[in-house]
Amino acid sequence: MTAQILDGNALGQKLRAGFKQKAEELAAQGVRPGLAVILVGEDAASQVYVRNKVNACAQAGFYSEKHAYAPDVALRVVLDKIAELNADPKIHGILVQLPLPRHFDADAVLDAIAAEKDVDGFRAENVGALMLGQPCFIPCTPYGAMKFFEDAGISLKGKEAVVVGRSNIVGKPMAMLLMHAGATVTVCHSQTRDLKAHCLRADILVAAIGKPKMITGDMIKPGAVVIDVGINRLQDGPDTGKLCGDVDFAAAREVASFITPVPGGVGPMTITMLLANTLESAERSLNA
Ligand code: GUN
């Protein structure tokens with residue numbers, strides 16, 4: 001079997017065209033969706049992600065502003081900026097790009113964002129609402145993964161889903177969304193015994209580990225749907241410098257029924273769903 005590719009660029013473009021239209025409608029009512037992105041430090045990957053987010057806003061007709069700080073900036077400076085953005089009616093979403101430099105208290109920074117502008121869905125209020133199945137901002141990466149299932153008509157009811165990785169950004173919210181959609185969910189992590197045995201049971205396999213090609217072809221059940229959240233840069237071998245996922249794509253493609261590529265899979269969908277959440281926040285502000 002050669003898997004069908006779940007194309008994040010194509011699905012992202014389709015959804016973003018709709019967001020652009022909605023943004024124009026909102027702008028006609030006096031509200032242009034606005035996103036503020038905060039970047040602390042010089043992490044090369046974060047700089048690329050932030051640039052892509054700002055560009056995506058411009059293409060969808062959203063307002064955006066970027067606030068970049070040196071790695072040794074005082075926490076107070078960033079908290080003051082967040083307080084200013086919380087009060088700014090032009091801004092409907094505030095995103096602090098992670099990871100923050102090690103000496104920064106990430107919880108203090110994320111908690112400073114007003115819950116109604118937390119378009120990443122990382123604050124405790126949002127996490128709790130997601131767990132309870134209440135309206136909330138859904139974290140963008142797992143939200144994007146769910147859009148792939150919806151768009152490809154992949155039913156999750158009664159399916160065995162295995163999420164590899166238990167991060168707050170991806171693993172935990174992904175597990176919650178899959179569970180709400182009717183899947184039986186297993187979350188694997190660094191202390192899991194016999195990862196391969198768990199993965200081989202998965203009808204839906206989500207890899208969010210951060211280790212290049214850790215999921216090999218022999219760990220995938222024939223016909224499984226594979227969502228690869230990893231974005232790793234290869235450090236050695238003939239492909240040094242190239243991006244690859246947490247899944248050995250070439251091998252997995254021969255076993256799975258659907259698979260997301262890296263790049264061009266989950267990455268563009270994360271940005272797409274950030275636009276979705278920002279738009280939703282702008283709509284809520286109009287209705288408030
Ligand atoms: N770093 C990696 N993924 C994300 C994300 O979805 N949001 C933010 N803010 N930082 C990230």
Distance from the Cα centre of the stretch 150-197 to that of the stretch 1-55, in angstrom? 25
Filtered hits (aspartates and glutamates, Cα-Cα < 14 Å from Lys20, offset >= 8 within chain) -> Glu280, Glu283
Given the convex hull of the Cα atoms of the stretch 8-58, what is a quarter of its surface area in nm²? 4.1
Cα-only Rg/Rh for the chain with Kirkwood Rh rounds to 0.97
Whole-number percent relative contact order across the stretch 28-85, with pairs defined as alpha carbons under 8 Å at least 6 apart: 44
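Just the number, please: percent antiparallel of the DSSP beta bridges in the chain, rounded to the nearest 5.
In the chain, approximately 5 percent of DSSP beta bridges are antiparallel ones.
Give me the mean projected area, in nm² to one decimal, of the convex hull enclosing the Cα positions of the stretch 35-129.
Result: 5.9 nm².
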List, in the order given, every pair from Lys81/Lys211; Lys147/Lys196; Lys66/Lys117; Lys213/Lys242; Lys22/Lys90 whose Cα-Cα distance in the structure shown is over 23 Å. Lys81/Lys211; Lys147/Lys196
Solvent-accessible area per residue for the stretch 99-151 at a 1.4 Å probe radius, Å²? 47
Heavy atoms of Val164 accessible to a 1.4 Å probe, total area in Å² rounded to 10: 10
Restricting to Cα pairs below 8 Å that are 6+ residues apart, what does the relative contact order work out to for the stretch 96-138? Please round to a whole percent. 27
Tilt relative to the chain, helix 8-28 - C-alpha long axis, 0 to 90 degrees, to 10: 20
What number comes out for the charge environment of Ala197, summing +1 per Lys or Arg and -1 per Asp or Glu over other residues with Cβ under 13 Å away? +1
Whole-Å distance linking the alpha carbon centroid of the stretch 198-220 with that of the stretch 78-110 is 34
Solvent-accessible area, 1.4 Å probe, carbon plus sulfur percent, for the stretch 208-280: 57
Quick query: amide H of Gln4 versus all other amide H atoms, modeled in the peptide plane; which residues come in under 5 Å with a sequence gap of 5 or more or a different chain? Phe258, Ile259
What figure in square angstrom, to the nearest 10, would you give for the accessible area of Ser285 with a 1.4 Å probe? 50
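Would you mind calculating the relative contact order of the chain from Cα pairs under 8 angstrom and at least 6 residues apart, reporting the percent as a whole number?
Relative contact order, the chain: 23 percent.
The values are calculated or read from the model by the stated rules, or taken from the named source; none is laboratory data. Everything quoted here is computed from the prediction, not taken from an experiment. With ideal geometry, Cβ positions are generated from the backbone for all residues, glycine too; neighbour counts draw on all protein chains shown. With ligands, DNA and RNA removed, areas are computed over all heavy atoms of the protein, side chains included. Shrake-Rupley method; radii C 1.70, N 1.55, O 1.52, S 1.80 Å.
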